[in-house]
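Heads up, the thing below is written out as C-alpha cells.
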Amino acid sequence: MFFFFFFLMIRRPPRSTLSSSSAASDVYKRQTINLLNSRLTTAFTRFAHPPSSSSSSSSSSGSSDSSVQSTGLVDLSHIGMTTDTAASVAQLALAELSRYTAIDVLVLSCNSLGDSGLQIFLSVLSSVIGSISSLEMFDVGMSDVFVPALLKLLHRYPKVSRLKIGDNHITHTGMAILAGNNGAAFPSTLTQLHLGGNVLGDEGVYHLSQALKQPSNNVAFLGLRNVGMTVVGLSYLADAVAHTPSRLTELQLRDNDFTGSISELSCIVSFCSALSLLDVSNTNLTNDALLPLLHTLTADPTHMKELILSKNEFDRKTSVAVRAYLLSYQCRLSSLDVSKMSTRHISNLFIPLLEGIIGNKSVTSLNLSGNCLEGPAGEAAALAVGRKLRLHTLNLAGCSLGPSEMSNLFDALASNISQLKSLAVSNNLGGEDCIPSLCRLMSFNTHLTKLEFQDNNITSVESMMEVGTALLNGSTSMRNCRFGGQSATANVASPAIRLLFKDALAPGRANRTALSYLKHNHPKAFWESNWPTNQQQQQQEVGADALFRCTPTGEIRVVSPFALSLDMHCRWLGSDHSVVV
C-alpha cells in the first residue's frame, strides 16, 4: 500500500501540463520581449525624429502623404538584444518604421546579436534601410562568418558612407573577404571605416592596404585602434598611401606595437597631404620614429590639426623637435597630447616644448598630464598660461606640481589675461600653501569654466571653505569644479563643503542654500573646523561680528555677539535647503 501511494506521488504529469522549468522559461521569454519592447519604444521616441517639413515622398499627381516621413537616426544600442530575440525586436522595429520612407543612420552597437542575430535582424529590416548612409555595429559579436553578408549589404545599399564595426571578432580572414581578392570591394561612397578592436593582425592590414590602393578608394577616416598591428603592418599601410594618392584626413593607430619603427609614420604623413588627425598613442614609438615624424611635420605644417603622441618615449631631443614644429611658419596644429611620455624626474625635459607653446599661435588644447613638471618646467607651464592667450584647455594632472608651481599657475590665471577655459591640476602636491592663489583665481578669473584640483592633499576644512567662499563671491564663470578626490591624497570634502561648492557653482538659482544665506548676512564671519565648547572662548573669538563655523559633523553653527547664549543651528532639509534656527 505504501509503495502504491509513493508511486502515485511521483507519477509523470499529463503531457498537456507544462513542466515548471518550461513554464518559467516561457515567462522569462515573455518578460524579455516586453522589456525589449519598452526599450525599443523609448529608443524610437528619443531618437527617431521626423522632419518638420512635409514628406519627401510624393505621388505622381503631386500630392504628399504626411504619415510617411524620413527619419535621420535610429539608435537601438544597449537595449539587450540577443540572437534569440533578434527576430522579435526586428518585427517591432519594422512595425515602428513602417511610417518612415528611409533610415539614414542605424545603430545596433553593444547588443549580443552574433552572426545569426545580425543576419535575421538586417534581413527583416531590408525593406526600410535602402537609403542608409551610416551603419554602426560596435561590439555585436560579429565574426568572419557574417562578413560575406556584410559585403553584400554594402553593395546592395551603395549610399553607405560610414561603416563602424569595431570591437568584434573579425580576423584577417574576414578582412580578406571584405577587401575582396583584388582589393576592389569597398564601395566608392565609403568614407569612414572603423575597424578598431578586431584581431586583424599584419595579414589583415595587408588585405586592407590592397583595397586602399584602388583608385575608387575614398576612405577619409580609418580607425585601426588595437588591431594587433606591428611595424610590418605599418609598412603595408605606408606602401598603400605611397602608391595611390590618399584622401585620408584622420588616422587612428593607437594601442598597437610599432617597436622598431623608423620612417613608416613619416612616410604616411608625407604622402597624406590632407591628414589632419594622427593618433599614435601607446604604440611603443621611440625617438628613432618620432624625430623623423616631427621633421616631416615641420617641413609641411599646414594640414595637421590634432596630434596625439601620448605614452611613447620622450627625451630632450624630441622636446626640441616639438618646439621646432610648433614654431614653424604656418603651423596649424590646434590640439597636442603628449601625456604620460616620461616618468623620469627630469625637471627641464619639457621646457623646450613649453617654449614652443608660448611662441605658437594656433594651439588651443594641450595635454601634459602624467609627466614630471616640477621646478623650472612648472614655472614654464605657468608662464605659458600667462602668455598663451589662445590656449583654452590645459591638462596638468599628475605632473608633480608643488605649492610654488601651483601658486604661480593660479596667479597667472588670476591676472585674467589668459583665455583658458578648462584646467586640470588634480593629483599634484599643492597642499594648503597654494590656497591664497587659488582663492584669487576663484575671485577674479572670468574665463575659466572648468577646474579640476582634486587629490591635492588639502586637509584643512578652513582652507577648502575659503576656496568655496571665494568662488561664491567671485565674478567667475565657472560651472564645473571637482575638488574632492578618491586617493590617499584626496582633499577634505565634508557635507558642508560640498553644499558650499554646489551653491557657488549655481549662483543664479532662486533658492539659496544656508551657506549662501549666512555668507551674505555675515560677510566678516570666518570658518574653523572645531566648534569651541567654552562660552567664554566663544565670546573672545566672536569680536564685533558674527561667527559661524562648520562642525566636524558638517553642521553650521552661528553665534551672534548680541546673543551669545543663542546657538543658531542651520541644517539642510529636503531639496530647498531651508535654514532652521
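The values are calculated or read from the model by the stated rules, or taken from the named source; none is laboratory data. Predicted model only: the values in this text are computed from it and were never measured. Virtual Cβ from ideal backbone geometry, glycine too; neighbours counted across all protein chains shown. Quick note on the areas: whole protein, heavy atoms, side chains included, nothing else; ligands and nucleic acids left out. Shrake-Rupley method; radii C 1.70, N 1.55, O 1.52, S 1.80 Å.
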statement: The condition from (1) of a type outside the set (Asp, Glu); (2) surrounded by fewer than 24 Cβ atoms within 10 Å (Cβ to Cβ); (3) modelled with pLDDT of 90 or more that ASN416 misses is numbered (3)
Residue that is modelled with the lowest pLDDT [pool: residues in the stretch 257-274 that are outside any helix (DSSP H, G or I), within 22 Å of GLY197 (Cα to Cα) and open to solvent by less than 10 Å² (accessible area, probe 1.4 Å)]: SER261
- request: Please give the strands (runs of 3 or more DSSP E) falling wholly within the stretch 295-367 in which 1 or more residues are surrounded by fewer than 18 Cβ atoms within 10 Å (Cβ to Cβ) and either on the phi > 0 side of the Ramachandran plot or among the acidic types (Asp, Glu) (or both).
  value: 306-308
- request: Give, as residue ranges, the helices (runs of 4 or more DSSP H) completely inside the stretch 457-522 that count at least 1 residues that are surrounded by 16 or more Cβ atoms within 10 Å (Cβ to Cβ) and at pLDDT 80 or above.
  value: 461-473, 495-504
statement: Conditions (1) under 22 Å from SER443 (Cα atoms); (2) under 26 Å from the mean Cα position of the chain (by Cα); (3) crowded, with 22+ Cβ neighbours inside 10 Å -> SER422 fails only (3)
query: Counting only residues that are surrounded by fewer than 18 Cβ atoms within 10 Å (Cβ to Cβ) and among the basic types (Lys, Arg), how many does the stretch 425-455 have?
result: 1
message: I'm trying to understand the selection: among the residues of the stretch 60-82, which are more than 19 Å from LEU135 (Cβ to Cβ), assigned to a loop (DSSP other than H, G, I, E, B) and at pLDDT 80 or above?
response: GLY80
- request: Just one of (1) under 26 Å from MET465 (Cβ atoms); (2) in a helix (DSSP H, G or I) trips up ALA397, so point out which.
  value: (2)
task: May I ask you to verify whether SER216 is in a loop (DSSP other than H, G, I, E, B) and not basic (Lys, Arg)?
output: yes
query: Restricting attention to the stretch 227-244, which residues are surrounded by fewer than 21 Cβ atoms within 10 Å (Cβ to Cβ) and under 17 Å from GLY166 (Cβ atoms)?
result: GLY228
statement: Of the listed residues (VAL140, VAL147), the one being among the hydrophobic types (A, V, I, L, M, F, W, C), open to solvent by less than 40 Å² (accessible area, probe 1.4 Å), touching a residue at least 12 places away in the same chain (Cβ under 8 Å) and in a loop (DSSP other than H, G, I, E, B) is VAL140
